[in-house]
There are 2 protein chains.
Amino acid sequence: MKQKFRSNCPISSALDLIGDKWSLLIIRDMMFSGKKTYSEFSNSNEKIATNILSNRLTMLEELEIINKGKLEGNKKTNIYSLTQKGKELLPIILEIAQWSDNNLNDHLQDGAKPFVNKFKSNKEGFIQNMYARFEKQEG
Amino acid sequence: MKQKFRSNCPISSALDLIGDKWSLLIIRDMMFSGKKTYSEFSNSNEKIATNILSNRLTMLEELEIINKGKLEGNKKTNIYSLTQKGKELLPIILEIAQWSDNNLNDHLQDGAKPFVNKFKSNKEGFIQNMYARFEKQEG
DNA sequence: GTAATAACTTTCATAATGCAAGTAAAAATC
DNA sequence: GATTTTTACTTGCATTATGAAAGTTATTAC
């Protein structure tokens, strides 16, 4: 696992790992759309290129942000799941969404509002709910 | 103007704007180190290249995340400051720092802990304090 | 007047991304 | 059992972004 950290700063170190335009979108799709296979990720709204998707899945697995597994009786489809490290990206993603909701009104259509409204009034409750749901999905 | 946004998603839209390895570090330095000039940003721990710094300052200004101004009697030094839109990136940055604190223990030395400890127990209070401090700086 | 400083810009090499097409194994269909 | 489809990639190549270093211009300090 070759990790090139620019400094000892916790902010720059996180950006060294997930500071790109695609990694958090894969995590988003796992969290909120229940996506777990390569082809599901490949069909995202933002049209990620397959080589980039492949590269990011490999990196996220190396970083232990996601796991790669199989289902019994299926040797073909890879099932990706969030590790604890990956699940804990949720608060970051929610803050990003809320910032956009507050500051990108010129661009975001009303379709984006309902998502943010789900947690805006009770963020901590929403997070705990999501964590519980993550557990259920595994069990 | 080039197509800036990949989709209507608030998460991907934010990443379209600040989803790179440098933008948030400039904001970090403005928030926590009181940096406000080109040369101050240029001296960061992470050694940003001057062409990238120039590019990011221009972009952040175009996005109205920062303002560019001068001090009276000085035609040379540019003074950069955070807009409201920029200040509101604080919660994102704090969540990123906390994620690193929780999940990058192998890499982060103890030097990174004190920063996170400042807000870990009372994040909302810390944020409000910082917002108040931002106001004071503007005078 | 000369030197130093601040804020860039330019050049060029390297790395990352994007697009299209191709591949291989497994699974589904006929 | 053979053929088609699906899944998960890989490869090649053009474009774009980044990184390192040196150069430029205006301003300020000495």
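The values are calculated or read from the model by the stated rules, or taken from the named source; none is laboratory data. On a predicted model such as this, the values are computed, not experimentally measured, just so you know. In this analysis, Cβ positions are derived from the backbone assuming ideal geometry, glycine residues included, and neighbour counts consider all displayed protein chains.
The table for this structure:
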item: Qualifying positions in the range A:59-78 - of a type in the set (D, E, K, R) and either surrounded by 21 or more Cβ atoms within 10 Å (Cβ to Cβ) or within 16 Å of DNA strand C (Cβ to nearest atom) (or both); result: A:Glu61, A:Glu62, A:Lys68, A:Lys70, A:Glu72, A:Lys75, A:Lys76
item: Helices (runs of 4 or more DSSP H) enclosed by the range A:79-139 - at least 3 residues per element that are within 12 Å of chain B (Cβ to nearest Cβ), surrounded by 12 or more Cβ atoms within 10 Å (Cβ to Cβ) and in contact with an Asp or Glu (Cβ under 8 Å, 6 or more places away or on another chain); result: A:90-103, A:113-120
item: In the range A:21-37, residue surrounded by the fewest Cβ atoms within 10 Å (Cβ to Cβ) [restricted to those that are in contact with a Ser or Thr (Cβ under 7 Å, 6 or more places away or on another chain) and closer than 18 Å to B:Ala14 by Cα]; result: A:Asp29
item: Which numbered condition B:Ile48 fails, given (1) more than 8 Å from chain A (Cβ to nearest Cβ); (2) out of contact with any strand residue (DSSP E or B) (no Cβ under 6 Å at 6 or more places or on another chain); (3) assigned to a helix (DSSP H, G or I); result: (3)
item: Hey, A:Asp29 under 30 Å from B:Ile65 (Cα atoms), among the acidic types (Asp, Glu) and not assigned by TED's automatic domain parsing to the domain that holds A:Pro10 or not; result: no
item: Residue match in the range A:7-20 (condition: more than 23 Å from B:Ser23 (Cβ to Cβ), surrounded by 18 or more Cβ atoms within 10 Å (Cβ to Cβ) and within 13 Å of DNA strand C (Cβ to nearest atom)); result: no
item: Number of the condition not met by B:Gln3 [criteria: (1) modelled with pLDDT under 95; (2) of a type in the set (S, T, N, Q); (3) crowded, with 16+ Cβ neighbours inside 10 Å]; result: (3)
